[in-house]
Amino acid sequence: MGTFTGSFKGFGVTFAHMFRKVITTDYPFSPPKPAPRYHGRHILNRHPDGLEKCIGCELCAWACPADAIYVEGGDNTDEQRFSPGERYAKIYQINYARCIFCGLCIEACPTRSLTMSNEYELARDSRQDLIFTKKELLAPLLPGMEQPPHPMLLGETDKDYYVGALTNPGTSVGAERAPISQGDAE
Amino acid sequence: MTDVQKRADQVSLIIDGVEVVAEKGELVIRVAERMGIAIPRFCDHPLLAPAGACRQCLVEVEGQRKPVASCTQTVAEGMVVKTQLSSPVAAKAQAGVMELLLINHPLDCPTCDKGGECPLQNQAMSTGRADSRFKEEKREYEKPIHISSQVLLDRERCVLCQRCTRFSEEIAGDKFIDLMDRSSGEQINVYRDDFFGGAGTGDGQVGEGEGDVAFNSYFSGNTIQICPVGALTGEQYRFRARPFDLVSTPSACEHCASGCSQRTDHRRGKVLRRLAGDDPAVNEEWNCDKGRWGFRYATATDRILTPQIRDTKTGELREASWSEALLAAAEGLKAAKERGVGVLTGGRLTVEDAYAYAKFARTVLGTNDVDFRARPLRATGSPVTTTEEADFLAAAVAGITEVTYEQVENAPSVVLAGLEPEEESPILFLRLRKGHIRRKLRVTAVSAYLSRGLEKIGAALVAAVPGDEAHILASDAAVAEALGAPGALLIVGERLATVPGALSAAADLAARTGAKLAWVPRRAGDRGAIDAGCLPNLLPGGRPVTDDAARAALSLAWKVDAGVVPGTPGRDTDRIIAAAADGTLGALLVGGVDPADLADPTLAENALDTVPFLVSLEMRQSAVTRRADVVLPIAPAVEKAGTYMDWEGRLRSFGAVLKSTAMTDGRVLEAIAALLDVSLNTGDVNAVRRELGGLPGSTLPSPVRPSVAAARAAQPAENQAVLATWHQLIDLGSLLDGDQVLAGTARPPVARIGKDLAESLGLADGDLVTVGTDRGSITLPAAITDLPPRVVWLPTNSPGSTVRRSLGVTAGAVVTLTAGVPGPILAEEAAR
């Protein structure tokens, strides 16, 4: 008797779920959209003329608790200008085998160059490919942008770029979907 | 107040409620520092005079109406001081000063090189306000100004602490950076435009150039190191790294015999910068620009990483495995042993490596033909049989550590001969200058002219035509009188070797007057090589090779048969080169010698070509490796541990900065020796140190000093002059390769001539003058200087002035002078 009522109880749960809303996702055919502030992979943003916002200050690397970021600074010259001002990131790497997506780096960034996108599809089949360089991290060129190096197009000095930069969250739209060339990390 | 034991020259005071005893005249900030109380400061530096410029160190002193600057306030009996730790008044005053300092500071920390190790950043966090009440526009300047090819100035970051100007004025003596303008426009700047006397250097010094005067100082890097904000930065390190990226290692400078302690910072296997280390006994907290920035040679593209041997079929060098190359070296040396092998070691070796060469020559090769001296050993044209310098080194230098930096600073009088301290031993120069400024040290210089460096140490000149130094040391009354005072020092440079009788006269003069004698070589490894036995007449520990007991004791310690170490002095550098050139020697073993440094580079290269078998232990491609039969790569200073011995005889030990597979000279020699069935035991630095420490002490009285008759200067004929020459600090030396920025700070090469020559040749300042011998010629702009009659001075190894290679002579030789560029015949000679 107990067996009989017991199996009704159990099947009851099963049958009840048949009429509930489905919570499994149809990944990867229709991937779910994470929350707007989800900490996905990073983007190095650009100024509206295409110059890099990153100045190679290494504050992100400093803030990183997982030691995932490696930066080497370099000198901008009038002939070879990658960012407004004197300094730019000659080498910029984030190692996604180490990154814990805590977001301390983007809080540290003084120019709002480094932001996080919502992209979470970061699995790669080699450790080397998990080291993203400027090539992968830089936001794609939108219409009106020019590939650096080029002179400052938006003003005479770097000040013209940075005053107001905080209210301009950057031109990173679509960066997370940028085509990623694999295996040519710097 | 409780009674505390104190001497009469002490006072007791209370800082933050703690009673403390201090020397009279001590500064409050220094006493607090000793107690472990950190008072924030920018302008205060223990080695510079107090300035009270930044006002950041304000403290409350009871009885004073306002807070006082603790960096200028001397202690007084019963003083009660309250720092920011115990006094809200002091804390508020400091926060206020910080707010004012930050009014015009751009806060561009993310791009600033100082960020992360910046006293302004740190102290703004520790003692500043959380926010600023200043809302107006900040002052802006053009940035950055290149004040030399190496030093950059960002004026807007400056807090006007004047550490840099005080350093350049008080320590280096090169005053060309200064406070300018007034009020809110006050700034640090350089004497450049007309307003600041553009025609000269603006400092009353002998003008080195006109108008756009670069920050012409060999010590400019120190201003970068002591700048408490990022106002002064260096081109070489600009934007390269942050402090947290760097791994710091204490190291010793490999350039000159001054023996600076340094700090080497590297990131991911690459040295990014070097800083002066803090060693009060030697370099205090300073170093020279050569030591600070001259490290890029080790990463030059021509570095050798794989052994090479000469292919028997093609006759070209080809890469080889270590075992193949070592075997080739061992077999070649073994075959050549019968005819004799010469060992030239150069002055760049650590004591341990020099000892390995000395031991290798004696035990494996059975020869005393080993010499570290890669420079002219005697006057041009003197017979190679004289051994005056070697005898002098054996008698007056080996194993003797009498004179120290401290004695130099405190001496009543110093006589310099054959030494231009600023160019050849910069830290000795700084000590001489400190003695001169602080303690009225009297400097007498036996030199061709009163250079800017000698002027800065207030030297009295005893003008010497090159070649006359011996005569002057032997008979000049002023020189003897200057050495009369107790504690007086006679400091001679290695260049005196080229004056017959000069070293004899110097040793004699020191003995006669009771003055202490110091010999200052130019390279870091020179002094250590003497004590390690890299001389034809000396065994390790300064024992003469002719001494049977010393040889027996050493043979016992080295576990070799009694007859192995020969008992007759070997050939010196010149004679090894001559013997190799005429085919007498069967092989040469050369480590770190540039033939261009030798007395006659052409002859040396001939010798390297002629000698049947040549083994080269080198770090980079050189004139030696190109001619070698076996090239064995060795480690640069950053990749090995070792010890240099500075001119005082002080040991400067250092560890390896970078991990690498590169081997020391000692380890390579040990491997060759092992193939020849000799256990050299020099592969491990610590083993060598133990062995050196365990060698039986020498019980012999030191050898008698040489007595060579003093020579007189040559007599030049019409249109001729006597050549004076010495190295400039930053020149064509191979350890300065690979750094254009540093080369940009070199002094421009000029030919210095006296008024008499200028008149007879019809030359004005800046006109081209050609100095020639039968070998070739050098053409440089003339600089009319107060030289003795018929003397011309040239930099020894600067761009456009390679005296040894172009002229084939050394100081004291007679050269011909012509105005303008050389005529067709001379030009042809020069081209050839």
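Numbers at a glance
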item	result
Calculated P(r) of the stretch B:287-417 - Cα pairs past 18 Å, %	75 percent
Carbon + sulfur, % of accessible area of chain A - ligands and nucleic acids excluded, 1.4 Å	59 percent
Qualifying lysines (Cα of each under 22 Å from Cα of residue B:92; at least 8 residues distant if same chain)	B:66, B:82, B:135
Computed helical MRE - 222 nm, chain A, DSSP H runs ≥ 4 contributing -39500 (n - 2.57), nearest 500	-4500 deg cm²/dmol
Set of lysines with alpha-carbon distance to residue B:640 below 16 Å, sequence-local pairs under 8 removed	B:270, B:659
For chain A: rounded, prolate or oblate by the Cα gyration tensor [a/c cutoff 1.5]	prolate
Net dipole in debye of chain B [+1 Lys, Arg Cβ; -1 Asp, Glu Cβ; about Cα centre; nearest 20]	1500 debye
In Å², nearest 10: area of residue B:546 left accessible to a 1.4 Å probe	80 Å²
Sequence-distant residues sharing a close amide H with residue B:523 (under 5 Å, placed H)	B:257
DSSP beta bridge pairing in chain A, given as percent antiparallel to the nearest 5	95 percent
The protein assembly as shown: antiparallel DSSP beta bridges as a percent of all, rounded to 5	65 percent
The stretch B:56-89 and the stretch B:722-759: distance between their alpha carbon centers, rounded to Å	51 Å
Cα-based shape type of the protein assembly as shown, given that a ≥ b ≥ c are square roots of the gyration tensor eigenvalues and the cut on a/c is 1.5	prolate
Summed side-chain charge close to residue B:43 - residues other than residue B:43 whose Cβ falls under 11 Å, Lys, Arg +1, Asp, Glu -1	+3
Cα-centre dipole for the protein assembly as shown with unit charges at Cβ (Lys and Arg positive, Asp and Glu negative), debye to 20	2660 debye
DSSP beta bridge pairing in chain B, given as percent antiparallel to the nearest 5	60 percent
Burial ranking of peptide ranges A:118-130, B:449-461 (average Cβ count within 10 Å, highest at the top)	B:449-461, A:118-130
Spatial separation of Cα centroids for the stretch B:645-699 and the stretch A:31-65, in angstrom	52 Å
At least 20 Å² of accessible area lost relative to the chain alone, listed for the stretch B:236-285 with a 1.4 Å probe	B:238, B:239, B:240, B:242, B:244, B:267, B:268
Under-14-angstrom lysine pairs by C-alpha in the stretch A:34-174, whenever the two are 8 or more apart or on separate chains	5
From phi via Karplus (6.51, -1.76, 1.60), per-residue ³J(HN,Hα) for the stretch B:655-668 in Hz, x at Gly/Pro	x, 5, 7, 10, 7, 8, 8, 5, 9, 6, 4, x, 6, 5
Accessible area, probe 1.4 Å, largest first, for residues B:337, B:143	B:337, B:143
Cysteines (scope chain A) whose Cβ has no counterpart Cys Cβ under 4.7 Å	A:54, A:57, A:64, A:99, A:102, A:109
Percent accessible area from carbon and sulfur atoms, the stretch B:497-648, protein chains only, probe 1.4 Å	51 percent
Dipole magnitude (debye, nearest 20) for the stretch B:407-518, charges at Cβ of Lys, Arg, Asp, Glu	600 debye
Solvent-accessible area lost in complex, 10 Å² minimum, residues of the stretch B:92-122 relative to chain alone, 1.4 Å	B:110, B:111, B:116
Buried area at the B-A interface (accessible, heavy atoms, 1.4 Å probe, summed, Å²)	1500 Å²
Chain-alone versus full-assembly comparison, the stretch A:60-81, residues with accessible loss of at least 40 Å² (1.4 Å probe)	A:62, A:70, A:75
Euclidean distance of C-alpha centroids, the stretch B:114-153 and the stretch B:762-819, integer Å	48 Å
Stokes-Einstein D in µm²/s, Kirkwood radius over Cα pairs - the stretch B:10-103 at 10 °C with 1.306 mPa s viscosity	121 µm²/s
J(HN,Hα) series, the stretch B:436-450, from Karplus relation 6.51 cos²θ - 1.76 cosθ + 1.60, nearest Hz, glycine and proline x	5, 6, 8, 10, 6, 5, 9, 10, 10, 10, 8, 8, 6, 8, 7
Solvent-accessible heavy-atom area per residue, rounded to whole Å², over chain B at 1.4 Å	38 Å²
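The values are calculated or read from the model by the stated rules, or taken from the named source; none is laboratory data. Remember, predicted model here, so these are calculated numbers, not experimental data. Neighbour counts run over all protein chains shown; Cβ positions are idealised from the backbone, glycine included. With ligands, DNA and RNA removed, areas are computed over all heavy atoms of the protein, side chains included. Shrake-Rupley method; radii C 1.70, N 1.55, O 1.52, S 1.80 Å.
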